[in-house]
Each structure stands twice: as C-alpha cells, then as structure tokens.
Amino acid sequence: MRFLGLSFWIMLVIVLVGCAQNKPQDKKVVNEGSSPSSSMENRNGSYEAGKMVYDRHCKVCHQANRMGISKIYPPIKNTKRVKGDKAYLIDVVLNGLSGEIKVEGVKYKGVMAPYKNLSDQQIADVINYIRNDSDGAKDMVSVDEVKQRR
Ligand code: HEC
C-alpha cells in the first residue's frame, strides 16, 4: 500500500512536469506554422518569404546586398526605379529586361531572363523584399496586382 502510494505520487510528478514542458513547445509550433509568407498586410511576413525568393533567384546577379556589379548587373537597392512605379518592377520580373538602361548614372546593357515560372505570391514577395528599405516600402505589391499584369 505504501509502495503504491509512492508510485502514484511519482507518476503524478512525471505527468505534471511533462505537461509543463509540452505547453511552450506546442505554442512555438503553432506560431511557426502561422507566421510565414501569405499575409500581404504583414511586411515582415513578406520580407521573410521575399528574401527566400531573392536568395534563390536574384542574388547570383544582383548580389546579397542588392548593389549588383557596376556596369554588369544594376543595383536594386533604394534606386529611383526600385522605390518608384510598382508596375514597372512587376513587368521586369515577369517579362525580363534587355536593352540599354541607366541606373544611378551608370549604363547597363545586359539581359535579364523572365521569371514567369514564379507564382504571383512569390513575385509580390520578392518585389516587396527589394523595396523593404526604400521609400516604396509601405506601398506594397499585392498578389492581385501581379495577376493583372501577367
Ligand atoms: C542572370 C542575372 C540576373 C538575375 C538572376 C536577375 N537579374 Fe535582374 N537584372 C539583370 C540585368 C543584367 C539587368 C539589366 C538589364 C538591362 O540592361 O536592360 C537587370 C535588371 C533588373 C531590374 C531593373 C532595374 C532598373 O533600375 O530598371 C530589376 C528590378 C531586377 N533586375 C530585379 C530582379 C529580381 C527581383 C530578380 C530575381 C527574381 C532578378 N532581377 C534576377 C540581371 C539579373
């Protein structure tokens, strides 16, 4: 009887400790699941998802710091066009770009391939990402805007 009583208390302690440890973990999993991508109202959500697209598809030319390589790949950080017309940026990503352009006083005459294979969400996210530290940051590109220009 005394032995049984002791095991009961030991079991109770184990169960309680188990619950106390599980609760915060459960919460963390829920948060991780609900935070990324989708919400276009959430600048940070778009930032994370956009950075993933950028690192995979754009970084090789425009570089990690988005400053490009002078005369070869234009900078896409806080330049006139990057903080300006959203439609232009959507078109460049959707259709690519070639022919001579001038960016921050430097001439470029290269070829950028189209990125039609990216989803509307990915294109919106990557543009919001490259605009995140410019005057255009608050005027976010929506999935619908990309859809309309596709
Ligand atoms: C293979 C290299 C390469 C990759 C990869 C690339 N670009 Fe470009 N990008 C260029 C070049 C070259 C130009 C300039 C084209 C020209 O001279 O007409 C350019 C131009 C641009 C412009 C226009 C800049 C301006 O001031 O008009 C934007 C915006 C842009 N790229 C965004 C992106 C994004 C976003 C991605 C990823 C989805 C990407 N680029 C991937 C090479 C690349």
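So the values come out like this:
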quantity	calculated
Residue pairs meeting the criteria (Cβ under 7 Å; at least 6 apart or on separate chains; first free of Cβ contacts under 8 Å to residues at least 60 places away in the same chain and over 16 Å from residue 127 (Cα atoms), in region 58-74; second of a type in the set (A, V, I, L, M, F, W, C) and more than 6 Å from the ligand (Cβ to nearest atom))	70/106; 71/106
Test: residue in region 119-131 that is touching a residue at least 24 places away in the same chain (Cβ under 8 Å) and part of a loop (DSSP other than H, G, I, E, B)	no
Condition met for residue 86 (over 17 Å from residue 61 (Cα atoms), in contact (Cβ under 8 Å) with a residue 24 or more places away in the chain and of a type in the set (Lys, Arg))	yes
Those residues of region 96-111 which are near the ligand (Cβ under 7 Å from one of its atoms), small (Gly, Ala, Ser) and surrounded by fewer than 13 Cβ atoms within 10 Å (Cβ to Cβ), in sequence order	98, 99
Positions within region 73-113 being assigned to a loop (DSSP other than H, G, I, E, B) and under 19 Å from the mean Cα position of the chain (by Cα), in sequence order	75, 76, 77, 78
Selection from region 74-95 of residues that are surrounded by fewer than 14 Cβ atoms within 10 Å (Cβ to Cβ), more than 8 Å from the ligand (Cβ to nearest atom) and not aliphatic (A, V, I, L, M)	85
Qualifying residue in region 17-36 (condition: more than 10 Å from the ligand (Cβ to nearest atom), modelled with pLDDT under 95 and within 13 Å of the chain's Cα centre (by Cα))	yes
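The values are calculated or read from the model by the stated rules, or taken from the named source; none is laboratory data. Keep in mind the model is a prediction, meaning the values are calculated, not measured. No Cβ is skipped: glycine too gets one built from the backbone with ideal geometry, and neighbour counts run over all protein chains shown.
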